[in-house]
1. Checking the conditions here, which among 144, 137, 165 is closer than 19 Å to residue 405 by Cβ and within 18 Å of the chain's Cα centre (by Cα)?
2. Looking at the structure I just gave you, is residue 100 in a helix (DSSP H, G or I), in contact with a helix residue (DSSP H, G or I) (Cβ under 6 Å, 6 or more places away or on another chain), closer than 27 Å to residue 413 by Cβ and touching a residue at least 40 places away in the same chain (Cβ under 8 Å)?
3. At least 3 residues that are buried (at least 18 other Cβ atoms within 10 Å of the Cβ) and modelled with pLDDT under 90 in each: list the helices (runs of 4 or more DSSP H) lying fully within the stretch 236-302 that qualify.
4. If you check 410, 419, which single one turns out to be out of contact with any helix residue (DSSP H, G or I) (no Cβ under 8 Å at 6 or more places or on another chain), within 24 Å of residue 321 (Cβ to Cβ) and modelled with pLDDT of 85 or more?
5. List the pairs whose first member sits in the stretch 119-138 and is in contact (Cβ under 8 Å) with a residue 12 or more places away in the chain and on the phi > 0 side of the Ramachandran plot, whose second member is part of a helix (DSSP H, G or I) and surrounded by fewer than 21 Cβ atoms within 10 Å (Cβ to Cβ), and whose Cβ atoms are under 9 Å apart, counting only residues at least 6 apart or on separate chains?
6. When the residues of the stretch 47-81 are filtered to those that are without any contact (Cβ under 8 Å) to a residue 60 or more places away in the chain and assigned to a helix (DSSP H, G or I), which remaining residue is surrounded by the fewest Cβ atoms within 10 Å (Cβ to Cβ)?
7. Taking the stretch 14-33, which residues are at pLDDT 90 or above and surrounded by fewer than 15 Cβ atoms within 10 Å (Cβ to Cβ)?
8. Is there any pair with a first residue in the stretch 311-325 that is assigned to a helix (DSSP H, G or I) and a second that is surrounded by 19 or more Cβ atoms within 10 Å (Cβ to Cβ) and at pLDDT below 75 whose Cβ atoms are under 6 Å apart and which are 6 or more apart or on different chains, and what are they?
């Protein structure tokens, strides 16, 4: 009992520090992991071997591989090239611009890290809006929300999906068949909701629509040769993701091999390339694995599983809906990654108790992905676009995000719940 209370307090305190931003989230997670290990060794419920075993190296490997590919393509200007192309095609019409930039951001986020995507697309969006003389807040918020939504569609599109796939054995193809169809519907729902919420901003005509035609997309593309090489390698990697089950290889093997091939082919300045890899994010993941491993060793997750079993035995569909909304609600106020890492062992233990957990994995993925849209701190992509907006005349505030992001979250969750209930027999196979 004492071990469980101590482990829970350490985990809760770490999440509070991360949520309140009183300390950098990576530093907070490291401190939390160290505290959990020390407490475990003193009280006898956790040790170094268990902490190392709790780390999911499959997830870490996949993230390292994909981050390296992103680090190679960042300096080429490829993302900016796509954004400028979309701006010219929109001819300065705000609604068309929102749709085009939203589509580009979403598609890129399905295969690359969505934070990196918005970091590169958002500054170009601000520049385009300044040239047109329109408010950039609506476009920036839409890019973040649609990026978070689109990332749910694929195994590599969102960190929670990577975690879920590693724990459950779900493949890249499984996400395309089970998640992508529902996400397409949800994405359209989110787009129409944004169209309604930003109807006033989108109705304002640009001050100088012809000015956008002066932008030269080729000027944004600094290194097409390197971009082409990385895109070829990424395309081949995606093909191998499709056949991972047949070839009996893991997603992390594919990603790391692709990164190695790209590095050998491009031969970049390795120091500058690795500076662009989000090492702090990887450390954050490792620390969270150790934290949740301590919760599991202390018996906290087992106690939670026992409570959930009472519901799951009688109404499995209700259990899935409960996980969907619970994870979404928590992800709106705390980063969805720690929530996902904490729920995964619970679902695995439910499986050992005879419950068919296949539908629960999808409930977890949908809840973690959609819940991040609810608040300005719900996902890192939200924080990034809000921070970038501070350089504009209309910065994005928490109040504005609550008026726009929260309705999108609630509407998409309601629709996703309906779709989940309809598709439940398919997920339960």
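The values are calculated or read from the model by the stated rules, or taken from the named source; none is laboratory data. None of the values given here were measured: they were computed from a predicted structure. When we count neighbours, we look across all protein chains shown, and the Cβ atoms used for this are built from the backbone with ideal geometry, even at glycine.
1. 144
2. It is false that residue 100 is in a helix (DSSP H, G or I), in contact with a helix residue (DSSP H, G or I) (Cβ under 6 Å, 6 or more places away or on another chain), closer than 27 Å to residue 413 by Cβ and touching a residue at least 40 places away in the same chain (Cβ under 8 Å).
3. Per the criteria, 279-297.
4. Only one candidate qualifies: 410.
5. So the pair list comes out as 133/211.
6. Taking the stretch 47-81 first, the residues without any contact (Cβ under 8 Å) to a residue 60 or more places away in the chain are 47-49, 52, 79.
Retained after the next criterion (residues that are assigned to a helix (DSSP H, G or I)): 48-49, 52, 79.
Working: 48: 11, 49: 8, 52: 13, 79: 26.
Of everything passing the filter in the stretch 47-81, 49 is surrounded by the fewest Cβ atoms within 10 Å (Cβ to Cβ).
7. Correct list: empty.
8. Pairs found: 319/312.
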